[in-house]
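Structure provided below as structure tokens; questions to follow.
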Amino acid sequence: VGVGGLVDEYVQGYGLSENDRSNLNEYFASWEILRQCCGQQMSARWRNDMVPEKFKINRFGSHPNCPSYDIDAIEETFMKSELYSMIEKYPSVQLLNRPSLNDGQLNGTYCSSYNYLVRTQGLSIWGQPGGRPVRSNLDNAIKKEVKQGKEGLKPEAHYLFPSTDLPLSSRYRKMWNKPENEKKAWVKAVTAAREGGKNYGDYGIETYSSADADDRSEDSDHEVNTDDNDTMDSEETLTVSLPSGQVTVAQNARQHATPTFPIRTHIVTQGRPRTATTLLFNMAAVSYFLYLIGNDPEKIPAVELIYWKRPEGNMTLNVKKTPMIVKAHLSLDNFLSDHAVVFTAAKDKREAAEMRETLERDGHIIAFVQDMETLKEVGVGGLV
């Protein structure tokens, strides 16, 4: 079944035509291979197959498919697809035509060139030669203290750890993004209040490279949370807008059906790391692009693609009049808005059903809940 089973969900959801279905299948047949075998967020196993011996991780097995592909031929096929050409006409959404939002523009040899750097320089998941980013001891102290949480902490200091359902890696990053004086004050307060832990003076402030500097281990071929790139702003807009009417694309003349997904100004795609949220984002965004082509093409030049890191996204969603397509690992509580429809991800069917029920009860407008169990059943789970 492969990616076609997932395409069917979006064709029905957005009321797309048979021509759209064909274009989506052609497009994602190549994109899913590039997603796995090319670029900054490639499969951890494939990266491990290619890196120099000194950077290899012994626990990883070899990738079953990537070695057999002529990756430049796949890239060329992708660039020749009808949907790729349609998207390229709009600068506002061109980033969808890449293996991930962190990758450069494809040129026919981007993938083989990137893979060459992985083979020769050990290019890491952060796009850096030979390993993990450099972290300060202050940030490393934050990681250790956040990981300990309220353990051994005096009750009067529990306010230093507000309740949250953010994954641990996102909690680290939230603290790392604060000004240095605030980070130091927080570490001082936590270490002073923690019984049996380290003192503030036990942590240095010099910069060093540490294999323990980050929680994003490459131990899965599913979604690896590299969109939380430390070089990105807290809320980074990933588009260049174009004045309406400057670029036109011929509307699809085929018959469209009535959408079953709720249609709102904004789309929020959300899920925990390693639940295929990049696939979720791209499938929702590209399908919505086709919906706009057939129904409201003048809105496309104003579309913004956003990787969202800061809380309270609903404040922007409630006032923004032009379309935004958001990818986030934050709790959906931050995006509750009548102007936003939610696509989210779960680990299995049971969690997906429970998630939909909870989110609808909380007032969210839900379009689709993707789950890893179903992706594996239809033959997509090993490729995302």
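Which condition number does residue 162 fail, the rest of (1) closer than 26 Å to residue 334 by Cα; (2) open to solvent by less than 20 Å² (accessible area, probe 1.4 Å); (3) of a type outside the set (Gly, Ala, Ser) being met?
Only one criterion is unmet by residue 162, namely (2).
Quick check on residue 184: is it of a type in the set (D, E, K, R), more than 30 Å from residue 55 (Cβ to Cβ) and open to solvent by 20 Å² or more (accessible area, probe 1.4 Å)?
Numbers: of a type in the set (D, E, K, R): yes; more than 30 Å from residue 55 (Cβ to Cβ): yes; open to solvent by 20 Å² or more (accessible area, probe 1.4 Å): yes.
It is true that residue 184 is of a type in the set (D, E, K, R), more than 30 Å from residue 55 (Cβ to Cβ) and open to solvent by 20 Å² or more (accessible area, probe 1.4 Å).
So which of 258, 269, 275, 322 is in a loop (DSSP other than H, G, I, E, B) and open to solvent by less than 20 Å² (accessible area, probe 1.4 Å)?
Of 258, 269, 275, 322, the one residue that is in a loop (DSSP other than H, G, I, E, B) and open to solvent by less than 20 Å² (accessible area, probe 1.4 Å) is 275.
Among the candidates 324, 283, 315, which residue alone is over 23 Å from residue 100 (Cβ atoms) and among the aliphatic types (A, V, I, L, M)?
Working: 324 fails: over 23 Å from residue 100 (Cβ atoms); 283 fails: over 23 Å from residue 100 (Cβ atoms).
Selected residue: 315, the only one of 324, 283, 315 that is over 23 Å from residue 100 (Cβ atoms) and among the aliphatic types (A, V, I, L, M).
Still on this structure: I need the full set of residues from the range 11-31 which are surrounded by fewer than 22 Cβ atoms within 10 Å (Cβ to Cβ) and of a type in the set (D, E, K, R), in order please.
The answer is 18, 21, 26.
Each row is one residue, and each column tells you yes or no for (1) over 30 Å from residue 29 (Cβ atoms); (2) free of Cβ contacts under 8 Å to residues at least 12 places away in the same chain; (3) among the β-branched types (Val, Ile, Thr).
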| site | (1), (2), (3) |
| --- | --- |
| 69 | no, no, no |
| 73 | no, yes, no |
| 78 | no, no, no |
| 86 | no, no, no |
| 90 | no, no, no |
| 104 | no, yes, no |
| 112 | no, no, no |
| 136 | yes, no, no |
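Name the single residue that is least open to solvent (accessible area, probe 1.4 Å) among those in the range 337-381 being under 22 Å from residue 288 (Cα atoms) and among the charged types (D, E, K, R).
371
From 21, 35, which residue is over 20 Å from residue 130 (Cα atoms), part of a helix (DSSP H, G or I) and in contact with a helix residue (DSSP H, G or I) (Cβ under 6 Å, 6 or more places away or on another chain)?
21
The values are calculated or read from the model by the stated rules, or taken from the named source; none is laboratory data. Remember, it's a predicted structure, so these values are computed and weren't measured experimentally. Cβ sites come from the backbone with ideal geometry, for glycine too, and all protein chains shown count toward neighbours. Each accessible area value is taken on the protein alone, full model and side chains, heavy atoms only, with ligands, DNA and RNA left out. Shrake-Rupley method; radii C 1.70, N 1.55, O 1.52, S 1.80 Å.
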